[in-house]
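**Student:** Next up is a structure, given as structure tokens.
The values are calculated or read from the model by the stated rules, or taken from the named source; none is laboratory data. None of the values given here were measured: they were computed from a predicted structure. With ideal geometry, Cβ positions are generated from the backbone for all residues, glycine too; neighbour counts draw on all protein chains shown.
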Ligand SMILES: [Zn+2]
């Protein structure tokens, strides 16, 4: 059977974006060694240490509103601004970023989920892929989701997601059709309904962000030992993307995170690699659950 054009496009985009993911992962993988493990004392103690050079311990400042180190030398040549030593790149981050970009390319080619809607949507998803990869690696290594990455990603993700949701109205979308001077009344109604869908994407993203952050905040408040405060801060970002797709996606993506975490926990226990007391980092499951639903589509309407 000859492959359909969509399958060819999916393979081409997967390879092309996978290759783009390598330099992106090399850049983001450089920040991984800047974060060390931090175990707060019983009274909460002081906060986690700021990002610092693994060689000399000098603090590495980040840009005020972006999840990016302020040092151009670190970004260009990978050197510590204080001691000039080369900061090693996390190769796991490079592989994870390339894999995430390849999957985003494949789903864009097949027109699944949010992928393939517009260039803004693609940029929003690639940002999610790059951020998700580096945060997952840091959370697995040192059990942290650092504020300088999580909180400063909101000013990047918000305009990308809201722009992606609004872009669906233009480029042959309902706003374009309504602007045409000779639109038949039936088409005008369809276009108006389409505009309603665009408004749903924008409001869904904002409601998803607030709703999921509130849900995780409540879990943290009820049982602080089971959930990190970093997970709560990340959850709003995931709710933003999931709610952009649909409000039921927020439920599916969250359920998938808990399902994956339980499956991995039980498997590790069966293999004797973990006990009931082992604390698995939850961030990677939240990220993979949300990314899967956003890229492949929400399975909930198919189930119920
Ligand atoms: Zn240094």
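**Student:** Is it the case that some residue within the stretch 221-233 is outside any helix (DSSP H, G or I) and touching a helix residue (DSSP H, G or I) at 6+ places or on another chain (Cβ under 7 Å)?
**Tutor:** Let us first name the residues in the stretch 221-233 that are outside any helix (DSSP H, G or I), namely 223, 227-228.
Cutting the leftovers down to touching a helix residue (DSSP H, G or I) at 6+ places or on another chain (Cβ under 7 Å) gives us 227.
The answer is yes; a qualifying residue exists.
**Student:** Need pairs with beta-carbon distance below 8 Å; first residue within 7 Å of the ligand (Cβ to nearest atom) and within the stretch 78-95, second part of a helix (DSSP H, G or I); sequence gap 6+ or separate chains.
**Tutor:** Close Cβ pairs satisfying both conditions: 80/74.
**Student:** Determine, yes or no, whether residue 108 is buried (at least 22 other Cβ atoms within 10 Å of the Cβ) and at pLDDT below 95.
**Tutor:** Taking the combined requirement at face value, the residue satisfies it.
**Student:** Can you tell me which condition residue 22 does not meet? The list is (1) more than 16 Å from the ligand (Cβ to nearest atom); (2) over 22 Å from residue 145 (Cβ atoms); (3) at pLDDT below 95, and all the others hold.
**Tutor:** Failing condition for residue 22: (3).
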